[in-house]
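Each remark here refers to the structure printed beneath this line.
The values are calculated or read from the model by the stated rules, or taken from the named source; none is laboratory data. Fair warning: this is a prediction, and the values are worked out from it, not measured in the lab. Positions of Cβ are generated from backbone atoms using ideal geometry, with glycine treated the same way; all protein chains shown enter the neighbour counts. Surface accessibility is based on the protein's heavy atoms, side chains included, excluding ligands, DNA and RNA. Shrake-Rupley method; radii C 1.70, N 1.55, O 1.52, S 1.80 Å.
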Amino acid sequence: MARVLGLGGVFFKAADPEKLGAWYQEWLDLPVEHPYGASLKHDRLPGNAYSVWSPFKRDTTYFAPSDQTFMINLIVDDLDGCLARVREGGAEVMPDTEDSEFGRFGWFLDPEGNKVELWQPPASADA
């Protein structure tokens, strides 16, 4: 059967793609290789991590304070550590984090104003 097997990538416009890629490489260890960006291998992910595809209503405030029509979600191994690193790198870190049965979540605005959600999956694969 012809069907979707997973999320193949996130593609978006940036005022300075090389500078933004270098920022993500420095502050989140994203393996950026210009000009193609970063390739993240699925076998490096925790067994309980997964990709989500979810359209939001046009009037959602979930992406605020960014005015972009998208938000990137990145899987991380240490939410608090990653938020501290991007803050050190000049990102605007949102003050609240969320703990739920799905794991831990935190948010920041990158240097170009894109809202990024960081997700630390729960320790248990049962979630």
- Task: Within segment 82-122, track down each residue that is among the aliphatic types (A, V, I, L, M) and farther than 21 Å from L45 by Cβ.
- Result: A84, A91, V93, M94, L109
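Got a sec? Which strands (runs of 3 or more DSSP E) wholly within segment 23-122 have at least 2 residues that are touching a residue at least 12 places away in the same chain (Cβ under 8 Å), open to solvent by 80 Å² or more (accessible area, probe 1.4 Å) and among the small types (G, A, S)?
Working: elements: 72-75, 98-100, 103-109, 115-120.
Qualifying strands (runs of 3 or more DSSP E): none found.
Quick check on segment 1-17: of everything there that is under 23 Å from T69 (Cβ atoms) and open to solvent by 100 Å² or more (accessible area, probe 1.4 Å), which residue is nearest to the chain's Cα centre (by Cα)?
Step one: list which residues in segment 1-17 are under 23 Å from T69 (Cβ atoms), which gives 4, 6-17.
Going one step further and asking which of them are open to solvent by 100 Å² or more (accessible area, probe 1.4 Å), we end up with 4, 11, 13.
Values: V4: 21, F11: 12, K13: 16 Å.
My answer is F11.
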- Message: Could you tell me how many of the residues in segment 69-96 are among the polar types (S, T, N, Q) and within 14 Å of the chain's Cα centre (by Cα)?
- Response: 1
